[in-house]
Amino acid sequence: MIRSAQPADVSALAQLMADSPLWQRYGVTLAGATERLQRGLADAATIAVAECEGAVAGFVWYVRRGAFQRSGYIMLIGVAAGYQGQGIGRALLEHAEAVMAQDTDAVFLLVSDFNLATQRFYTQLGYRQVGAIPDYVIPGVSELIFCKRQ
């Protein structure tokens, strides 16, 4: 089931982020993730949660016109380690794309240059790399810009 995130989800979502080796590489901590999620929900961010048997399995944080104030933008997406490989990431992405399709015909996201498995995942779902931003978040890592036309 995919539903809107609630304040009660923040703890589980922050733990998911803090446990992720990818986000750890970017310096994400439990406290930092908690603060970011709480602030997002307080500011009416659009965060959808995948729930499996009552447990938070993943989430997607997206902005309907977050890319160039014209196109959709997937800001964050994550699936808890125990739920990976079960189609949850795909379902979350498709959910966000469907909502954003009401306003735009394109969705953008960033993916780290070293994250080859995720690049393949996005490519399989119709995204293609359209650019790169070197040293954008951390030195020595390029954030690859992916786009999907809907």
Exercise. Add -39500 (n - 2.57) for each DSSP H run of 4 or more in the chain, then divide by its residues: what number comes out at 222 nm, to the nearest 500 deg cm²/dmol?
Worked result: -10000 deg cm²/dmol
Seminar exercise, completed: About its Cα centre, the chain carries a charge dipole, from +1 on Lys and Arg Cβ atoms and -1 on Asp and Glu Cβ atoms, whose size in debye to the nearest 20 is 320
Seminar exercise, completed: Computed for the range 1-71: size of charge dipole around the Cα centre, +1 on C-beta of each Lys and Arg, -1 on C-beta of each Asp and Glu, debye to nearest 20, value 420
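Counting only other residues whose beta carbon sits under 13 Å from that of Tyr62, what net charge do I get with K and R as +1, D and E as -1? Mind showing how you got there, number by number?
Values: positive: Arg64, Arg65, Lys148; negative: Glu94, Glu97, Asp103.
Local charge sum for Tyr62: 0.
How high is the relative contact order of the chain, in percent, counting Cα pairs under 8 Å that sit 6 or more residues apart? Before the final figure, lay out each step's value.
Numbers: 259 pairs, mean separation 26.6, N = 150.
Across the chain, relative contact order equals 18 percent.
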For this session: Among Arg64, Arg70, rank each residue by its count of other Cβ atoms within 10 Å, from fewest to most, as a rough exposure measure.
Result: Arg70, Arg64
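The range 1-81: which chymotrypsin sites (Phe, Trp or Tyr not before Pro) are DSSP loop and have at most 14 other beta-carbon atoms within 10 angstrom? Each step should come with its number before you reach the end.
Numbers: sites: Trp23, Tyr26, Phe59, Trp61, Tyr62, Phe68, Tyr73; in loops: Tyr26, Phe68.
In loop regions of the range 1-81 (DSSP not H, G, I, E or B), the sparsely surrounded chymotrypsin sites (Phe, Trp or Tyr not before Pro) are Tyr26, Phe68.
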Seminar exercise, completed: Once phi for every residue in the range 5-18 is put through the Karplus expression 6.51 cos²θ - 1.76 cosθ + 1.60 (θ = phi - 60°), the whole-Hz ³J(HN,Hα) values, with Gly and Pro written as x, are 5, 10, x, 5, 7, 4, 4, 5, 5, 5, 5, 4, 5, 5
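Would you mind counting up the charge near Ala80? Only other residues with Cβ under 14 Å from its Cβ, with Lys and Arg at +1 and Asp and Glu at -1.
Values: positive: none; negative: Asp9, Asp19, Glu51, Glu53.
Net of charged neighbours comes to -4.
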Exercise. Under a no-solvent Debye model with one identical scatterer per Cα of the range 2-149, what's log10 I(q)/I(0) at q = 0.09, 0.14, 0.20 Å⁻¹?
Worked result: -0.26, -0.66, -1.45
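A short reminder: the numbers here are calculations on the coordinates, not readings from a lab. Quick caveat, the model's predicted, so the values are computed rather than measured. As a convention, Cβ positions derive from the backbone with ideal geometry for all residues, glycine included, and neighbour counts pool all protein chains shown.
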